Every structure is written in C-alpha cells, then in structure tokens.
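Below: the structure, in structure tokens.
The values are calculated or read from the model by the stated rules, or taken from the named source; none is laboratory data. Only a predicted model underlies this, so the values are computations on that prediction, with no experimental measurement involved. With ideal geometry, Cβ positions are generated from the backbone for all residues, glycine too; neighbour counts draw on all protein chains shown.
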Amino acid sequence: MAKTTAKAEIAELTLPVSGRDHTQGPDAGPVTLVEYGDYECPYCGQAYPIIKNIQKHFGDRLRFVFRNFPVAQVHPHAEHAAEAAECAGAQERFWEMHDRLYEHQQELDDNHLRQHASALGMDIARFEDEMARHVHAGRVREDFMSGIRSGVNGTPTFYINGMRYDDSWDEGTLQVSIEQAIADRSLDDREVAATVTDEGDRGGASDGLESDAAGNIYSTNYEHNAILRRRPGGQWETVAHDPRLLWPDTLSLAADGYLYVTANQLHRQARFHKGRDLRRKPYTLFRIRVDTKPVRL
C-alpha cells in the first residue's frame, strides 16, 4: 500500500456518496464499496482486477465508487493521471479512462495520457486545454482531502457502507466482508419464515439441496439419477443425469466452481433387500462443473 505522511483515526466516510461521484451499480443496492485510489500505485493496480471480479460476482447488489487519492510524493504521474480521468469524465468517458489507466500503468506521462484520450475518441483539443489549465485539479483535491478527513493514509483504501475496511483486500476476504454487509441479521424468526417461498414441484423425490451466489438452487432427484438446477426465474433444468448417480445426496458447492455430490446408494442397503447389502464400495464422489460461486455468510 502506498503511504502518505498524514494519519487519521476517523474510520467513517466523511463525504457521503452523492451525484458528484463516479459510480457503477444501482444507487439503491444494499452495499456501496468506495475506493480511494492512485492510478500509479502498484497495489491499486493489483486491486483493479479484484474489484472487477467483485463487481461481476455481486452484480446489482453492489454500487462501486472511485475517488482520487494521488500520492504525489512517490508517484509523480498520479496527479495528472487523476486529472486526465476527470477530463474524461467531463466527456462521459470516466470509467473507460479509469480502466485504461490501470491497464497501462507504465504509460502515465502526459504524452501517453493524450494517446489514451485519443484512443477513447475524446475531443483532444478540449482535453489538452483542460489539462493545461488544470481545470479538474480542484475536483481531484476535493477527493483527496475527503480521504484525509475519512482516515485514508494510503492506497488503496476501501469503505463498505461508509465504514473503512481494514481487513485484507484479497478477493475472497473482501467478498466475504461484502456478503456480511448484505446479510440482514436484524430479522426475527417470524420475519425470516415469511421469506420462505414454494419453489414448485421438481418432478421427483429429492434428498439434498444447495444454492449459489447467483440465486440458483440445486436439487438431487434420486428417482431419476439426476441433479437439477432451478434458475432465479423459476425454470428447472437438468445439470447431470447419469446411471451411476445412485441416490445422490449431500450436495456441496465449492469455490472452485464445481458442485460436489455423493452417491450413497441408500436404496441398496440390506434392509431394503431382505438382509442383502447390494451397495458397491467404495462410494463415489462426483463433481459437476457449474461455474458459479457458493453463498458465503
């Protein structure tokens, strides 16, 4: 993390997110993630793809906000890069420039900034004029000072729903922290029960359920040796159908994108066959690629 010499104990965002900010995602989403970043900071560069993945994972449940915090003492191009991003914002190209600067962190001198603007189809004459007159320096300074007052002392610094996030910003840890912010733990048992819905007939008996972060529900169907998936819109579909799925049970979705399930052969137990145990050992563990993430509470 790139450091400044300023220190602050305040852990709450002092400048609320408003129409002045650059945002992605719905204003009414349950979680707002604010980043104070520096375009030349290598740690911000490492965080950039992580935030992209976080945004993809949470979709409309997350609003992402970026604020400028150029640490000019150690990053000589950071201030001008931030101004270039604001110039782009004035031409409705902020996020395109934001992404381009992080994807070309070794190309942040003034000549390259102009090339970036040109590549984005910006009005170059206006861009050069605003950069020469530092039209957007005040906006960058306003972001920076709001960060200082909010307890930012290095980059990147994140805030989740207005509170400074002091844990690791690796993807897994940050994702869990956002999930915790989404979960409403204030509901009593009766209110939770009211959220239970009838998902309809699956077309067969089941002995296992699982869900994923995208809102899909997975169900076994031991009558047909199958695994089913219910889409958020209500449609059921077959994920796997195999004669070896003998009484599938104990579904578990892992972070590697696979759904794991055991075939426990319950119907072959001795009590169902006049004392003869027809189960074939060892029992089988199947994994099925579903390319989604588990729910983390």
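Brief remarks on what is shown
- Flag if Arg133 is closer than 19 Å to Gln73 by Cβ and modelled with pLDDT of 95 or more: no
- Sub-8 Å Cβ pairs linking a first residue in the range 109-134 that is in contact (Cβ under 8 Å) with a residue 40 or more places away in the chain and in the same structural domain as Ala85 (by TED's automatic domain parsing) to a second residue that is surrounded by 12 or more Cβ atoms within 10 Å (Cβ to Cβ) and part of a loop (DSSP other than H, G, I, E, B), at least 6 apart or interchain, are Phe127/Gln91; Glu130/His136, ordered by first then second residue.
- Some residue of the range 63-70 being polar (S, T, N, Q), within 18 Å of the chain's Cα centre (by Cα) and either more than 16 Å from Ile160 (Cα to Cα) or in the same structural domain as Val176 (by TED's automatic domain parsing) (or both): no
- Residue match in the range 78-87 (condition: in the same structural domain as Arg20 (by TED's automatic domain parsing), under 27 Å from Glu171 (Cα atoms) and not in a helix (DSSP H, G or I)): no
- Pick from the range 151-169, criterion modelled with pLDDT of 95 or more and in contact with a Lys or Arg (Cβ under 9 Å, 6 or more places away or on another chain), ranking: surrounded by the most Cβ atoms within 10 Å (Cβ to Cβ): Thr155
- Conditions (1) in contact with an Asp or Glu (Cβ under 8 Å, 6 or more places away or on another chain); (2) more than 18 Å from Leu266 (Cβ to Cβ); (3) outside any loop (DSSP other than H, G, I, E, B); number of the one not met by Gly234: (3)
- The range 26-46, residues that are within 22 Å of Glu142 (Cβ to Cβ) and outside any strand (DSSP E or B): Asp27, Asp38, Tyr39, Glu40, Cys41, Cys44
- Candidates Phe58, Phe66: the one that is touching a helix residue (DSSP H, G or I) at 6+ places or on another chain (Cβ under 9 Å) and assigned to a strand (DSSP E or B) is Phe66.
- Among residues of the range 34-71, those that are without any contact (Cβ under 8 Å) to a residue 60 or more places away in the chain, surrounded by fewer than 23 Cβ atoms within 10 Å (Cβ to Cβ) and hydrophobic (A, V, I, L, M, F, W, C), counted: 3
- Condition met for Asp143 (under 19 Å from Phe69 (Cα atoms) and either part of a loop (DSSP other than H, G, I, E, B) or in contact (Cβ under 8 Å) with a residue 40 or more places away in the chain (or both)): yes
- Condition met for Gly215 (under 33 Å from the mean Cα position of the chain (by Cα), part of a loop (DSSP other than H, G, I, E, B) and either among the basic types (Lys, Arg) or closer than 30 Å to Leu174 by Cβ (or both)): yes
- Of all the listed residues (Phe127, Phe144), the sole one being surrounded by 14 or more Cβ atoms within 10 Å (Cβ to Cβ) and either over 29 Å from the mean Cα position of the chain (by Cα) or acidic (Asp, Glu) (or both) is Phe127.
- Subset tally (residues that are within 26 Å of Pro49 (Cβ to Cβ), among the hydrophobic types (A, V, I, L, M, F, W, C) and part of a helix (DSSP H, G or I)) for the range 96-133: 5
- Evaluating Gln105 against the criteria (1) buried (at least 21 other Cβ atoms within 10 Å of the Cβ); (2) of a type outside the set (Ser, Thr, Tyr); (3) touching a Phe, Trp or Tyr at 6+ places or on another chain (Cβ under 8 Å) leaves one unmet condition, (1).
- The range 238-297 - residue that is part of a strand (DSSP E or B) and of a type in the set (S, T, N, Q) and, of those, surrounded by the most Cβ atoms within 10 Å (Cβ to Cβ): Thr262
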